[in-house]
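Read the structure below first, then the notes.
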Amino acid sequence: MIENPWKTLKETTVYQNPWIRLEEHQVLNPAGKEGMYGKVHFKNKAMAIIPLDQQGNTWLVGQYRYTLNQYSWEIPMGGGPIGQDLLESAKRELREETGLRANKWTELLRIHTSNSVTDEEGIIYLAEGLTEGEPEFEETEILQVQKLPFTEVIEKVMSGEITDSISIAGILKAARVLGL
């Protein structure tokens, strides 16, 4: 086990809302000098799902991302409260965003989305044995959903059309697991 070379002198909450808390930390860095570190703490775990049908198709969700000021195609995803069953939250997100239900769930990987500034952890699942239904979008979401071959989604990652880090990690891990 490697010992933490950082020493926290003081933590201050700068801002918070129901989803995040922004903290400022006064620290001694590994060189022993005083400094400041900012940390974004997420109050939910990120969950993402790669639904895969028997024909090798998957679903992407498109939406305008305010923080980027651009449209983004992603695998279905959302947040699950820390301390609650994350698989149940993933099932809810898949149903809300695509209308899909799955009878087989496999955890593909856990990812730290940007570990230099945030403690956010994401869990990505592969969902199989699908049943289609109607999406149940939240009132703040204006989503487009598209069904396409998983091999085409891999190409969208490779061409740079999909840029979301959780989507990229999940798609590439699923491609390796599936032997594609």
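The values are calculated or read from the model by the stated rules, or taken from the named source; none is laboratory data. Model, not experiment: these values are computed from the prediction. Here the Cβ is made from the backbone with ideal geometry for all residues, glycine too, and neighbour counts use every protein chain on show.
It is to be established whether one or more residues within segment 131-152 are farther than 18 Å from residue 65 by Cα, crowded, with 18+ Cβ neighbours inside 10 Å and within 18 Å of the chain's Cα centre (by Cα).
No.
Using the structure shown, decide if residue 78 is in contact with a helix residue (DSSP H, G or I) (Cβ under 8 Å, 6 or more places away or on another chain), in a strand (DSSP E or B) and either under 28 Å from residue 174 (Cα atoms) or without any contact (Cβ under 8 Å) to a residue 60 or more places away in the chain (or both). Let's see the steps before the verdict.
Details: in contact with a helix residue (DSSP H, G or I) (Cβ under 8 Å, 6 or more places away or on another chain): yes; in a strand (DSSP E or B): yes; either under 28 Å from residue 174 (Cα atoms) or without any contact (Cβ under 8 Å) to a residue 60 or more places away in the chain (or both): yes.
Yes; evaluated as a whole, the condition is true for this residue.
Looking only at segment 166-180, filter to residues that are out of contact with any Leu (no Cβ under 9 Å at 6 or more places or on another chain) and exposed (fewer than 15 other Cβ atoms within 10 Å of the Cβ); which one of those is modelled with the lowest pLDDT?
Only one residue fits best here, namely 180.
From (1) surrounded by fewer than 17 Cβ atoms within 10 Å (Cβ to Cβ); (2) under 16 Å from the mean Cα position of the chain (by Cα); (3) within 29 Å of residue 23 (Cβ to Cβ); (4) not hydroxyl-bearing (Ser, Thr, Tyr), pick out the condition that doesn't hold for residue 62.
(3)
Which is of a type in the set (A, V, I, L, M, F, W, C) and under 16 Å from the mean Cα position of the chain (by Cα), of 40, 14? Show your work before the answer.
Numbers: 14 fails: under 16 Å from the mean Cα position of the chain (by Cα).
Of 40, 14, the one residue that is of a type in the set (A, V, I, L, M, F, W, C) and under 16 Å from the mean Cα position of the chain (by Cα) is 40.
Could you list all residues from segment 162-180 that are hydrophobic (A, V, I, L, M, F, W, C), farther than 17 Å from residue 56 by Cβ and assigned to a helix (DSSP H, G or I)? Please lay out each step first, then the result.
Kept after step one, since they are hydrophobic (A, V, I, L, M, F, W, C), are these residues of segment 162-180: 162, 166, 168-169, 171-172, 174-175, 177-178, 180.
Retained after the next criterion (residues that are farther than 17 Å from residue 56 by Cβ): 162, 166, 168-169.
166, 168, 169 - these are the residues of segment 162-180 that are hydrophobic (A, V, I, L, M, F, W, C), farther than 17 Å from residue 56 by Cβ and assigned to a helix (DSSP H, G or I).
Touching a Lys or Arg at 6+ places or on another chain (Cβ under 7 Å), polar (S, T, N, Q) and either more than 28 Å from residue 37 (Cβ to Cβ) or not in a strand (DSSP E or B) (or both) - does that describe any residue in segment 84-103?
No, every residue in segment 84-103 fails to be touching a Lys or Arg at 6+ places or on another chain (Cβ under 7 Å), polar (S, T, N, Q) and either more than 28 Å from residue 37 (Cβ to Cβ) or not in a strand (DSSP E or B) (or both).
Each row is one residue, and each column tells you yes or no for (1) of a type outside the set (Gly, Ala, Ser); (2) more than 30 Å from residue 105 (Cβ to Cβ); (3) at pLDDT 95 or above.
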| site | (1), (2), (3) |
| --- | --- |
| 9 | yes, yes, yes |
| 13 | yes, yes, yes |
| 16 | yes, yes, yes |
| 22 | yes, yes, yes |
| 31 | no, yes, no |
| 34 | yes, yes, yes |
| 44 | yes, no, no |
| 55 | yes, no, yes |
| 58 | yes, no, yes |
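Condition test on residue 60, is it within 30 Å of residue 99 (Cβ to Cβ), part of a loop (DSSP other than H, G, I, E, B) and not polar (S, T, N, Q)?
Numbers: within 30 Å of residue 99 (Cβ to Cβ): yes; part of a loop (DSSP other than H, G, I, E, B): no; not polar (S, T, N, Q): yes.
No.
Are any residues in segment 21-35 part of a strand (DSSP E or B) and surrounded by 11 or more Cβ atoms within 10 Å (Cβ to Cβ), and if so, which ones?
Taking segment 21-35 and keeping what is part of a strand (DSSP E or B), we get 21-28, 34-35.
The answer is 21, 22, 23, 24, 25, 26, 27, 28, 35.
Hey, does segment 9-20 have a residue that's surrounded by 13 or more Cβ atoms within 10 Å (Cβ to Cβ) and in a loop (DSSP other than H, G, I, E, B)?
For segment 9-20, residues surrounded by 13 or more Cβ atoms within 10 Å (Cβ to Cβ) and in a loop (DSSP other than H, G, I, E, B): absent.
So is residue 105 in the same structural domain as residue 154 (by TED's automatic domain parsing), in contact with a Leu (Cβ under 8 Å, 6 or more places away or on another chain), aromatic (Phe, Trp, Tyr) and in contact (Cβ under 8 Å) with a residue 60 or more places away in the chain or not?
On the way: in the same structural domain as residue 154 (by TED's automatic domain parsing): yes; in contact with a Leu (Cβ under 8 Å, 6 or more places away or on another chain): yes; aromatic (Phe, Trp, Tyr): yes; in contact (Cβ under 8 Å) with a residue 60 or more places away in the chain: no.
No: the conditions fail for residue 105.
Across segment 79-108, which residue is nearest to residue 45 (Cα to Cα) among those that are hydrophobic (A, V, I, L, M, F, W, C) and surrounded by 17 or more Cβ atoms within 10 Å (Cβ to Cβ)? Walk me through it before giving the result.
We begin by selecting, within segment 79-108, every residue hydrophobic (A, V, I, L, M, F, W, C); these are 82, 86-87, 90, 94, 100, 102, 105, 108.
The next check asks that each one be surrounded by 17 or more Cβ atoms within 10 Å (Cβ to Cβ); those that pass are 86, 90, 94, 100, 102, 108.
Numbers: 86: 8, 90: 10, 94: 15, 100: 21, 102: 21, 108: 15 Å.
Across segment 79-108, the extreme among qualifying residues is 86.
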